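Input: a single structure, listed below in structure tokens.
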Ligand SMILES: Cc1ncc(C[n+]2csc(CCOP(=O)(O)OP(=O)(O)O)c2C)c(N)n1
Ligand SMILES: [Mg+2]
């Protein structure tokens, strides 16, 4: 690796910079706008693997999943205008999920900037509100500096996405410039005062409660966090789609404060006298539309730990705001000890056990009144998966009502066993699963997708086959955009429109790609089909798809479409109620 100056093309300078910053994989859909980079990647295959996708949204989603799994920026290369537009979803997800990601985009030559040249886009204007930083490189000499900064911005403080536009003449030109050093992540540490006050507030409380979430976690931070939780015997709920920070088998894990949470969990959070929010923003999905806590001053004593100082006090006023990266906070919290404890159980320990019992009871499908129609019970499928698969299996999903079953009935086995967009983006599951399998080939990777969700990225089965990603796709086919149909029945009962899908033969489609494809229509047939799918994926290193045929009536684990329609008609809905009502599942 070169740290001294010598003449290289812009593309070579850029790829050398990627190597210096530790990049081992890039996700890409080629364009002629960045051919010098592609050529430099061809010369760097000893250090960097290039995964070529079929759609830029998938490339960006794979890079996002890579960033989530590794804590290092996921790297994505796309072409200008159209490619950048397709990739935009990855920027949005990385932003909402606080994931380090760098999107490199080809750009028109500097001599024609501003003329609306072919496929020209003003990237600072396009991504300004979504990315942490957007930059256009104007000279090859500045590539080491600006790429180094891109890495620092992506990982430091609250992690997030960065966009780097690369005019084609900058990539093609030669320059003599020295390389930068590998990036160093910067995050705030909690102060000694913060930690002393936190301990004192904990000891003064009777019903403390942790909500854990946000970005920046790694395996060590999760272990440190667990030590803190155990030392004080604290109950822990996960923020929306952050269910893998504390192993769900742990006795202190008490549930998911996401969409449609267990009412008993909500009641316990409301009844707490001290909330410790460790990492999450406490956004709309975790707070039941900002109704879980009083705004702006929660009724409970409130400690908020977040990596971004501007997030603290933005929505909720904490009694103790702590500006710290979650890794830094967890490392400091891991060595805290109760001061006044006499060695016996904490005063709230019985409450933790009761909360855990509530969580386990809520994880038994069918424990909710009213049985669901259909021959294939998704609840039973989830129970089979959680009892069969190794604890370190990675579960991915996008958006749709099918995800309710996954989040409710699966027990995530700790850091990183969940890849799911808090942004609620459809189409995320398959690209995320492929990226995960390429990174963790020895682990089972299960992608959940609805029939709608799958069709936003199903073409990536080809990418999975090409690069040897033996993921198992569980496609939940109910023939509708179920989530939206559910809201439709609530708001406009009986007026079914624009939510019905005419679908292809999914197993045949999978087989056409070279993947495994099988349809499952009954609960009892699932176990053997899963065995066949896993065996195929393990033997061939290609994806295996199981299409689960679900009765559309079974719209949530506890509701039917007919039941929702009847309730809405009874309540007098029918175009009269406000269109933003009842947003509990998306
Ligand atoms: C990219 C994107 N487009 C649209 C939506 C709105 N949306 C949320 S869920 C959903 C339907 C999902 O359908 P499907 O994947 O079949 O799952 P189901 O709800 O039927 O289980 C839609 C259209 C979204 N969240 N993301
Ligand atoms: Mg569907």
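The values are calculated or read from the model by the stated rules, or taken from the named source; none is laboratory data. Small disclaimer: the values here were computed from a predicted structure and weren't measured. Methodologically, a virtual Cβ is constructed for each residue, glycine included, from the backbone with ideal geometry; neighbour enumeration extends over all protein chains shown.
Structure data summary
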| read-out | value |
| --- | --- |
| Unique match (being in contact with a helix residue (DSSP H, G or I) (Cβ under 9 Å, 6 or more places away or on another chain), more than 21 Å from residue 507 (Cβ to Cβ), modelled with pLDDT of 95 or more and surrounded by 14 or more Cβ atoms within 10 Å (Cβ to Cβ)) among 561, 548, 530 | 561 |
| Pair list, Cβ < 7 Å and 6+ apart or interchain, from the range 385-404 residues that are over 18 Å from residue 363 (Cβ atoms) and touching a residue at least 40 places away in the same chain (Cβ under 8 Å) to residues that are near ligand 1 (Cβ under 7 Å from one of its atoms) and assigned to a loop (DSSP other than H, G, I, E, B) | 398/425; 398/426; 398/427; 399/424; 399/425; 399/426; 399/586; 400/426 |
| Unmet criterion (only one of (1) touching a helix residue (DSSP H, G or I) at 6+ places or on another chain (Cβ under 8 Å); (2) buried (at least 20 other Cβ atoms within 10 Å of the Cβ)) for residue 336 | (2) |
| Residue match in the range 472-494 (condition: in contact (Cβ under 8 Å) with a residue 60 or more places away in the chain, more than 16 Å from ligand 1 (Cβ to nearest atom) and more than 30 Å from residue 571 (Cα to Cα)) | yes |
| Index of the failed condition, residue 153 passing every other in (1) touching a residue at least 60 places away in the same chain (Cβ under 8 Å); (2) buried (at least 20 other Cβ atoms within 10 Å of the Cβ); (3) not in a loop (DSSP other than H, G, I, E, B) | (1) |
| Selection within the range 301-319 - in contact (Cβ under 8 Å) with a residue 60 or more places away in the chain, assigned to a loop (DSSP other than H, G, I, E, B) and under 23 Å from residue 259 (Cβ atoms) | 311 |
| Candidates 453, 447 - the one that is under 25 Å from residue 379 (Cβ atoms), surrounded by 17 or more Cβ atoms within 10 Å (Cβ to Cβ), within 12 Å of ligand 2 (Cβ to nearest atom) and in the same structural domain as residue 381 (by the TED database) | 453 |
| Entirely in the range 166-277, the strands (runs of 3 or more DSSP E) that have 2 or more residues that are out of contact with any strand residue (DSSP E or B) (no Cβ under 6 Å at 6 or more places or on another chain) and either surrounded by fewer than 21 Cβ atoms within 10 Å (Cβ to Cβ) or outside the structural domain of residue 330 (by the TED database) (or both) | 174-177 |
